[in-house]
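Undergrad: One structure follows; several queries about it will come next.
Each reported figure results from applying straightforward, stated rules to the coordinates on display, with no laboratory input. Quantities reported herein were computed from a predicted structural model and do not represent experimental measurements. In this analysis, Cβ positions are derived from the backbone assuming ideal geometry, glycine residues included, and neighbour counts consider all displayed protein chains.
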């Protein structure tokens, strides 16, 4: 079912849920009520494990109850989780909030993209995905600006404003039109899930594609979120300068809207090769340089590659779903990609303890491997 209303509603929901007003001080918010960094990492580890465990059950449930109902349930939990975060006073409260977030992330995985994909014409899907992810970034930037100008040290106010933002997003979900018919929903069974899982695991070329995506995604996540700060310190940059760089690199995320046009201009294969090559170049530069400008440009390039690649890879994932149980298939894909992330995280962490340059070099190797796997997949993929 094609539905412009769905697209505009999903765009607005994305913008509102990007408005996390406590984003710039999320760690400080927790520390202000006595949570240590070690406790934060414990909570994050539990959250990631739960996401993986819940991913597949949620995919099956979403296909049975419908995507609109799944959005309503998850956005309701999102709203409640923000209330819990706003009023949290200790470790247990923040753990509960993160457990709820794990349920939400697993529930929405594949559902939001399925609604968008089935609500638009296939030729427009990559452009739609680009706008959708861009609006999340715009919401984050708007919230960060509001925090910097008006909120300051009032952490609780930033939590309360986030509650309002997610409350408005919840209200919009009730206006969505379900893109899955009642007959398709009724036919979603465990047997169908087993069939989809078997088809995915037996399709080695699809696995190559998902592993390649996972390697690029995890390299971007690790370097632009964690290792970039270590690299900047190694280059002698101050904390205030690092803060300004963060804003600039976040702004680059808005370039995702150009993904569809650039894919059309260069062709899917050539554009993907360009993006993977850019990531390899960025990681290689970070491996060998102590220059601040080159380091900043390399992190920015890696961010640019990722934001342009996300709409493309999401579009390609949806194109390869043959089952009507789209959320289930995409959830299986997500588990495979996230599993790559868990394995690579351990290797990244160990190498960074030895030498940061070695970890950056691993990123280059991962991106090169991802490129080779992508090319093998494309050579044998005949559906597009």
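Undergrad: Could you calculate the FRET efficiency of residue 156 with residue 319 from 1/(1 + (r/R0)^6), where r is the beta carbon distance between them and R0 is 30 Å, rounded to 0.05?
TA: Once the sixth-power term is evaluated, E becomes 0.10.
Undergrad: Right, another one. Please give the Cα centre distance for segment 199-220 versus segment 72-151, rounded to the nearest Å.
TA: Segment 199-220 and segment 72-151 have Cα centres separated by 24 Å.
Undergrad: Could I ask something else about it? Determine the distance separating the Cα centre of segment 337-384 from the Cα centre of segment 239-315; give it in Å without decimals.
TA: 16
Undergrad: Most fluctuating residue of 323, 119, 109 in a GNM of the chain with Cα springs under 10 Å: which is it?
TA: Among 323, 119, 109, the largest GNM mean-square fluctuation belongs to 323.
Undergrad: Once you have the Kirkwood Rh of the chain from its Cα pairs, apply Stokes-Einstein at 10 °C and 1.306 mPa s and quote D in µm²/s. Don't skip to the answer; put the middle values down first.
TA: Values: Rh = 21.6 Å.
Answer, rounded: 74 µm²/s.
Undergrad: Here's a follow-up. Given R₀ = 51 Å, FRET efficiency for residue 149-residue 204 by Cβ-Cβ distance, to 0.05? Intermediate results must be reported in sequence, preceding the final value.
TA: On the way: r = 52 Å, r/R0 = 1.03.
Here the calculated transfer efficiency is 0.45.
Undergrad: OK, next. Once you have the alpha carbon radius of gyration of segment 196-380, what is it after dividing by 2.2 N^0.38 Å, with N set to its residue count?
TA: Working: Rg = 16.8 Å, N = 185, 2.2 N^0.38 = 16.0 Å.
Computed over Cα atoms of segment 196-380, the ratio equals 1.05.
Undergrad: If you don't mind, another one. Among 22, 244, what is the fewest-to-most ranking by other Cβ atoms within 10 Å? List each step's numbers first, then the result.
TA: Numbers: 22 24, 244 11.
With the sparsest Cβ surroundings first, the list reads 244, 22.
Undergrad: Please rank 80, 194, fewest neighbouring Cβ atoms within 10 Å first, as an exposure proxy.
TA: Numbers: 80 17, 194 10.
The order, fewest Cβ neighbours first, is 194, 80.
Undergrad: Can you tell me the order of 307-313, 231-237 when each peptide is scored by its average per-residue count of other Cβ atoms within 10 angstrom, highest first? Display every interim value, and only then the final one.
TA: Working: 307-313: 23.3, 231-237: 16.4.
Per-residue Cβ counts within 10 Å, averaged per peptide and sorted highest first, yield 307-313, 231-237.
Undergrad: Here's something else I'd like to know. Subtract the Cα-Cα distance of residue 273 and residue 339 from 0.36 nm times their separation in residues, and report this length gain in nm to one decimal. Please list the in-between numbers first.
TA: Numbers: separation 66, 0.36 × 66 = 23.76 nm, distance 2.38 nm.
That works out to 21.4 nm of additional length.
Undergrad: Among 150-159, 93-102, 58-67, how do they line up by average Cβ neighbours within 10 Å per residue, starting with the highest?
TA: Working: 150-159: 15.8, 93-102: 18.7, 58-67: 24.1.
Ranking, from highest mean packing down: 58-67, 93-102, 150-159.
Undergrad: One-quarter of the Cα convex hull surface for segment 4-183, in nm²?
TA: One quarter of the hull surface, i.e. the mean projection, equals 10.2 nm².
Undergrad: Go ahead and set up a Gaussian network model of the chain, Cα springs under 10 Å, then flag whichever of 267, 253, 361 fluctuates most.
TA: Evaluated over the chain, the most mobile residue of the options is 267.
Undergrad: For residue 347 and residue 83, compute 0.36 nm times the residue count separating them, minus their Cα-Cα distance, and round to one decimal in nm.
TA: Gain on stretching residue 347 to residue 83: 91.4 nm.
Undergrad: Using the Kirkwood radius over Cα pairs, work out the Stokes-Einstein diffusion coefficient for segment 90-172 at 37 °C and 0.692 mPa s, in µm²/s as a whole number. Show your work: numbers first, answer last.
TA: On the way: Rh = 15.3 Å.
Stokes-Einstein gives a translational diffusion coefficient of 214 µm²/s.
Undergrad: Now for a separate question. Fewest to most neighbouring Cβ within 10 Å: what's the order for 51, 367? Walk me through the numbers before you get to the answer.
TA: Working: 51 20, 367 27.
In increasing order of surrounding Cβ atoms, one gets 51, 367.
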